[in-house]
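Following: one structure in structure tokens, then a few remarks.
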Amino acid sequence: MSSSSHPREVPAVPGPGPAPGIGRRRLLRYGAAGASALLATGPLTGCSSRASASDASALNVWDLFQGGDGMLMDDMIRAVSKGSDGFEVDRTILDWGPSYYTKLAMSAAGGRASDVAVLHLSRLAGYAPGGLLDPFDLDLLAEFGVTEKHFTPAVWARTKHDGVVYAIPLDVHPFIVFYNRDAADRAGLLDPQGELAAMGSPKAMLEAGKALAEVTGKSGILFGHVTDTAQNWRQFAALYAQTGAAFTLPDGGPAEIDTDAAIQVVSFMQQLFDGRTNPNNLDYNSALAGFLGGRGGMAMLGEWELPTLRKSGIPLGAAPFPQVFGKPAVYTDSHSYVLPHQASPDPARRREAHRYVAEILKQSLTWASAGHIPAYQPVLAEPAYAKLDPQSSYADAGEVAVLDPPNWFAGAASNFQNRMCQPLQSALLGNTSAEKAVRQMVREANTLLRQPNPVA
Amino acid sequence: MTTTTPIGAPAPTGEPPVAVSPRRGTGRRGPGPLFVLPFAVPFALFLVWPVLQGIWMSFTDSSLALRATSFVGLDNYAEAFGDPDVWSSLGNTVFFTAASSVPLVLIALAMALLVHSGLAGQWAWRLSFFVPYLLPVTVVTLIWTWLYQPDVGLGNELLGALGLEPVGWLSDESVAMWSVAALTVWWTVGFNFLLYLAALQSLPTVFDEAAALDGAGAWRRLWSVTLPQLRRTTVLVAMLQILASLKVFDQIYILTKGGPNGSTRPILEYVYDVGFTGYRLGYASAVSYVFFALVIVVSLAQLRLFRQED
């Protein structure tokens, strides 16, 4: 039981909030060093590779992979730890979300961060410009067999800041749809090959929802968004990109958003989740539970739910997020490896860090079994990947990837996503109109853009 | 069980008795300061110093990123006073404080009176009223997240059984803060209950007995004898409660992340959002000192009230 869990442990102290406790940079440095020392030896060290946590020469790696993902990462680390040139890895797993990114930033600000860390590519714009990351040495990486040509241009373009590469993508993880093959079949939504047929128009999608609702007797398409800080935004961003309009956040503002297209998208979402054929008030877990319980024919989720869904035994199909507007686009993010800033990096360790990233990428077939699409293209070409079902059916999603508009405050687990989700949630719940929701989104984006940039 | 030694002492005020020790000589200093050190050093290091550091930071554009920090004067405060999010989250904090403190005092009093009245199974009542307070915030929030589920939650299930429409416990802007308050009452009322129970059990019984002999009924004795004697405890409980409620953060952060539409975001979450996920430590410090000023004002007002009560 943590001491902060009780509201009245220190009754008379009017807490000035967490911020003042941080102190200046020097304090940060010691604090971060202390924190990482604690974490490194603490119960969070989940890896069971050869290296022991106390081994000072082991490569320090921070990541945010828990559950099934975490176990697969263990397997991959075990694989690269074998043999005479195997790594000694000291892995630290931290909880996903704002806290992970806070800790990563603080450790890098202290200059004594881990050797390698995982970062969502959408967060790069908040890390690279502020000096929180060190650039990759591409020559060194090429020496270990990984070069630019191994990645899709859409993803590679996002790894750079000022023309310098700061991140090496491990995967792309799109927002996709899972469907119950039986229900989709009875609703007449499958193509002759038995896969989900393309939608092609908003009308077709709405009708598909109705047809699925009739088949299941409950709901058509399940989508959990209540009290979620990302789901609504993921869906909006995908559909909005499908209209071909751009969403950019230039420093200093104002945000460049095609409001007509945005209103069209939000209105469509309102129609899709009207509360009758599709419940509009689910949270993430109840949508997942509803799909697992057969109360819906389709669910809009991240591909990382694949292991959970497959275990359920329902006849599972997966497809890229349906294209209903003019242009194919799928909301995506990417787990990437970065080198958090170190004040005085040891060249030998840096070299090992590069080699580690290259070797882990070559293990991505294991990673793909969790549902992620490997970013390292040679793996996609392997016959073993083509055999992975249903992963291979949405492998193309990486080519039409839409990430958050790059700015320091945007990206996975950011304030920006949370603030965009709030008006969208109101619109989906029927508490506000699409116009008002979009106006509020623009207002929120402009508020964030007006703030002085803390990383520039 | 209910009759304890009638010492006539008022409710505990939380202040340790002051021991007056005889001094040996005026010129020599005893080892007193040494005994204070184990408390004074951490206090200075972890409270006084960060508070001063925070004040300094609030005048800079200090950031979590590796960027040079510069002095910006009162810019952060000017921004804070013009920031609608500061005012709305401050309003949320005050609303939560009002919505939680009143039931937390009244329900605790009612529970203590019930238990004190000599119900059978004393220990069971005391245990069930106090046990939620022992749970960590994560567990409490997890339980209530399920109760508040729109689809399969017990809350809407019960409403449905009564033929009522489901409620968006956490998704309706006008309901969400009340849901948080209900959780908080359930979770923390046990502490106030204990304070009240302790006070009740230490009240002298003579007045009550005398009133009964004079023919006063139970209600008359409650209003005219028991409650006036509990006044100091009520002041203490209310004061502690208001200060605790003003600090609300964790259950809201886990339950709603401040949503829907910022309707449950307290000022401390806003500080966290701009300072940690937004890196702007300088601005976050300024906002937290604005809040600090509010807490000081509330404390001073309460102190005045307390004095008048005496």
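The values are calculated or read from the model by the stated rules, or taken from the named source; none is laboratory data. Note that the structure is predicted; figures quoted are calculated from it, not measured. Here Cβ is always computed from backbone atoms with ideal geometry, including for glycine, and neighbour counts include all displayed protein chains. Ligands, DNA and RNA are excluded from the accessible area calculation, which covers all protein heavy atoms including side chains. Shrake-Rupley method; radii C 1.70, N 1.55, O 1.52, S 1.80 Å.
No solvent, one uniform scatterer per C-alpha: report log10 I(q)/I(0) for region B:137-201 via the Debye equation at q = 0.13, 0.20, 0.24, 0.26 1/Å, two decimals.
-0.45, -0.80, -0.99, -1.09
Using modelled backbone amide H atoms (1.01 Å from N, in-plane), which distant-in-sequence or interchain residues come within less than 5 Å of A:N60's amide H?
Amide H neighbours of A:N60: A:D90, A:D115, A:V116.
Give me the angle, in degrees from 0 to 90, between the Cα long axis of helix A:202-216 and the longest principal axis of the Cα atoms of chain A, rounded to the nearest 10.
The helix A:202-216 is inclined about 80 degrees to chain A.
Can you give me the long-range amide H partners of A:H120? Hydrogens built in the peptide plane at 1.01 Å from N, cutoff under 5 Å, separation of 5 or more residues or another chain.
A:S336
Shielding of B:75-85 by partners, i.e. mean partner chain Cβ atoms within 10 Å per residue?
The mean count of partner-chain Cβ atoms within 10 Å per residue comes to 1.
Are there trypsin sites (Lys or Arg not before Pro) in region A:202-283 that DSSP marks as loop and that have at most 15 other Cβ atoms within 10 Å, and which are they?
A:R276
For chain B, which DSSP H helices look membrane-span-like by this rule: Cα extent along the axis of 30 Å or more and mean Kyte-Doolittle of at least 0.5? Write down the numbers at each step before the final one.
Values: long enough: B:84-116 (47 Å, 1.38); B:176-201 (37 Å, 1.33); B:281-309 (41 Å, 1.21).
Correct list, ordered by number: B:84-116, B:176-201, B:281-309.
What are the extents of the Cα atoms of region A:59-179 along their three principal axes, in Å, largest first?
43, 37, 36
Give me Rg/Rg_expected for region B:58-156, where Rg uses Cα atoms only and Rg_expected = 2.2 N^0.38 Å with N residues.
Normalised Rg, Cα atoms only: 1.78.
Of the candidates B:V139, B:V180, B:V86, which one comes out as most mobile in a Gaussian network treatment of chain B with C-alpha springs shorter than 10 Å?
B:V139
Return one quarter of the surface area of the convex hull spanned by the alpha-carbon atoms of the protein assembly as shown, equal to its mean projected area, in nm².
Dividing the Cα hull surface by four gives the mean projection, 40.5 nm².
Which whole-number percentage describes the relative contact order of region A:347-456, with Cα contacts under 8 Å and a sequence gap of 6 or more? Don't jump to the answer; show the numbers that get you there.
On the way: 56 pairs, mean separation 15.6, N = 110.
Value for region A:347-456: 14 percent.
Report the equivalent ellipsoid semi-axes for region A:160-261 in whole Å, largest first, defined as the square roots of five times the eigenvalues of the gyration tensor built from alpha carbon atoms.
For region A:160-261, the ellipsoid semi-axes come out as 34, 18, 14 Å.
Rounded to the nearest 0.05, what FRET efficiency do A:D139 and A:A456 have when you use their Cβ-Cβ distance and R0 = 25 Å? Spell out each step's value before the answer.
Values: r = 29 Å, r/R0 = 1.14.
So the FRET efficiency works out to roughly 0.30.
Express in nm, to one decimal, how much length is gained between B:F81 and B:A218 on full extension, taking 0.36 nm for each residue of separation and deducting their alpha carbon distance.
44.1 nm
Need the list of aspartates and glutamates near A:K327 for cross-linking: C-alpha distance under 13 angstrom, and skip anything on the same chain fewer than eight residues off.
A:K327 reaches A:E399.
Per residue of the protein assembly as shown, what 222 nm ellipticity follows from adding -39500 (n - 2.57) for every DSSP H run with n ≥ 4, rounded to the nearest 500?
Numbers: 32 runs with 367 residues, N = 766.
Per the formula, -14500 deg cm²/dmol.
Taking every Cα atom in region A:194-244, find the radius of gyration and the maximum pairwise distance Dmax, and write them in Å.
When restricted to the Cα atoms of region A:194-244, Rg and Dmax are 13.0, 36 Å.
Using the heavy atoms of the protein chains alone and a 1.4 angstrom probe, what is the accessible area of region B:23-135 per residue in square angstrom? If you can, show how the numbers build up before the last one.
Values: 6770 Å² over 113 residues.
For region B:23-135, the per-residue accessible area is 60 Å².
I want the antiparallel fraction of DSSP beta bridges within the protein assembly as shown, as a percent rounded to 5. Kindly include the intermediate steps, with their values, before the conclusion.
Working: 30 of 42 bridges.
In the protein assembly as shown, DSSP labels about 70 percent of beta bridges as antiparallel.
At 4 °C and 1.567 mPa s, grab the translational diffusion coefficient of region A:90-136 from Stokes-Einstein with a Kirkwood Rh over Cα pairs, rounded to a whole number in µm² per second.
Once the numbers are plugged in, D ends up at 116 µm²/s.
Take the Cα gyration tensor of region B:104-245, multiply each eigenvalue by 5, square-root it, and list the three semi-axes largest first, rounded to whole angstrom.
Over the Cα atoms of region B:104-245, the semi-axes work out to 35, 17, 15 Å.
What does the accessible area per residue of region B:173-307 come to in Å², with a 1.4 Å probe and no ligands, DNA or RNA counted?
Accessible area per residue: 38 Å².
Carbon and sulfur: what percent of the protein assembly as shown's accessible surface (1.4 Å probe)?
Percent of accessible area from carbon and sulfur atoms in the protein assembly as shown: 62.
List the residues, sorted by chain then number, that are 5 or more residues from A:R112 or on another chain and whose placed amide H is less than 5 Å from its amide H.
Residues meeting the amide H criterion: A:A343.
As a quick test, which of the pairs A:K362/A:K387; A:K311/A:K387; A:K82/A:K362; A:K311/A:K362 have an alpha carbon distance above 20 angstrom in this structure?
A:K311/A:K362, as the Cα separations exceed 20 Å there.
Tally Lys/Arg at +1 and Asp/Glu at -1 over every other residue whose Cβ is under 14 Å from the Cβ of A:L428; what's the total?
Working: positive: A:R234, A:R276, A:K436; negative: A:D228, A:D274, A:D283, B:D172, B:E173.
So the surrounding residues net to -2.
Under a cut-off of 20 Å between alpha-carbon atoms, report the aspartates and glutamates in cross-link reach of A:K218, not counting same-chain residues fewer than 8 places apart.
A:D182, A:D185, A:E207, A:D274, A:D283, B:D151, B:E157, B:E165
Can you give the local net charge around A:V265? Use residues other than it whose beta-carbon is closer than 15 angstrom to its beta-carbon, Lys and Arg +1, Asp and Glu -1.
+2
Translational D (Stokes-Einstein, µm²/s) of region A:277-334 at 25 °C and 0.890 mPa s when Rh comes from the Kirkwood sum over C-alpha pairs?
Taking Rh from Cα pairs, D becomes 190 µm²/s.
When the expected Rg is taken as 2.2 N^0.38 Å, what fraction or multiple of it is the alpha-carbon Rg of region B:157-310?
1.44
Return a whole-number percent for the relative contact order of region A:279-389, with Cα pairs under 8 Å and 6 or more residues apart as the contact set.
The value is 22 percent.
Taking chain A as the reference, fit the longest principal axis to its C-alpha atoms, fit the long axis of helix A:25-41 to the helix C-alpha atoms, and give the angle between the two in degrees, 0 to 90, nearest 10.
80 degrees
Could you order A:K362, A:K327, A:K387, B:K247 so the one with the most accessible surface comes first? Probe is 1.4 Å. It would help to have the intermediate numbers written out before the result.
Working: A:K362 80, A:K327 105, A:K387 160, B:K247 50 Å².
So, going from the largest accessible area down, we get A:K387, A:K327, A:K362, B:K247.
For region B:219-260, what log10 I(q)/I(0) values come out of the Debye formula at q = 0.23 1/Å, with one point per alpha carbon and no solvent?
Debye curve over Cα of region B:219-260, log10 I(q)/I(0) at q = 0.23 Å⁻¹: -0.77.
Considering only protein heavy atoms, what is the solvent-accessible area of A:R419 at a probe of 1.4 Å, reported in Å² to the nearest 10?
20 Å²
Mind listing, in residue-number order, the residues in region B:132-150 that have at least 40 Å² less accessible area with every protein chain present than in their own chain alone (1.4 Å probe)?
Residues losing area: B:Y133, B:Q149, B:P150.
How big is the convex hull of the Cα atoms of chain A, per residue, in Å³? Kindly include the intermediate steps, with their values, before the conclusion.
Details: hull volume 73.7 nm³, N = 456.
It comes to 162 Å³ per residue, whole-number rounded.
How much length is gained on full extension from B:L113 to B:R232, taking 0.36 nm per residue of separation minus their Cα-Cα distance?
41.2 nm
Compute the angle between helix A:259-272 and the longest alpha-carbon principal axis of chain A, please, reported from 0 to 90 degrees and rounded to the nearest 10.
Value to nearest ten degrees: 70.
Give me the one-decimal Kirkwood hydrodynamic radius in Å for region A:257-397, with the sum taken over alpha-carbon pairs. Kindly include the intermediate steps, with their values, before the conclusion.
Numbers: mean 1/r = 0.0543 Å⁻¹.
Hydrodynamic radius (Kirkwood, Cα pairs) of region A:257-397 is 18.4 Å.
How high is the relative contact order of chain B? Use alpha-carbon pairs under 8 Å, at least six apart in sequence, and give a whole percent.
Relative contact order comes out at 32 percent.
Accessible area per residue, 1.4 Å probe, Å², for region A:372-445: what's the number?
Normalised by residue count, the accessible surface of region A:372-445 is 33 Å².
In region A:75-124, which trypsin sites (Lys or Arg not before Pro) fall in coil by DSSP and have 13 or fewer other Cβ atoms within 10 Å?
Hits after loop and neighbour filter: A:K82.
Which value, in square angstrom to the nearest 100, describes the accessible area buried between chains A and B on both sides, using a 1.4 angstrom probe? Walk me through the numbers on the way to the answer.
On the way: alone 19530 and 18810 Å², together 33140 Å².
The contact between B and A buries close to 5200 Å².
Let me check I have the definition right: for region A:111-185, take the eigenvalues of the Cα gyration tensor, multiply each by 5, take square roots. What are those semi-axes in whole Å, largest first?
31, 16, 12
Just to verify a number: FRET efficiency for A:R186 and A:N285, C-beta to C-beta distance, R0 = 30 Å, to 0.05?
The computed FRET efficiency comes out at 0.65.
Length gain on complete extension for the stretch B:Q122 to B:L300, per 0.36 nm per residue less the alpha carbon to alpha carbon distance? Could you put the intermediate results ahead of the total?
Working: separation 178, 0.36 × 178 = 64.08 nm, distance 3.84 nm.
Gain on extension, B:Q122 to B:L300, equals 60.2 nm.
Please state, as a whole number in µm²/s, the translational diffusion coefficient that the Stokes-Einstein equation yields for chain B at 25 °C and 0.890 mPa s, with Rh defined as the Kirkwood radius across alpha carbon pairs. The partial results should precede the final answer.
Values: Rh = 23.1 Å.
The Stokes-Einstein estimate is 106 µm²/s.
A drop of at least 20 square angstrom in accessible area, chain alone versus all protein chains together, probe 1.4 Å. Which residues of region A:196-236 meet that?
Buried on complex formation: A:V226, A:T227, A:T229.
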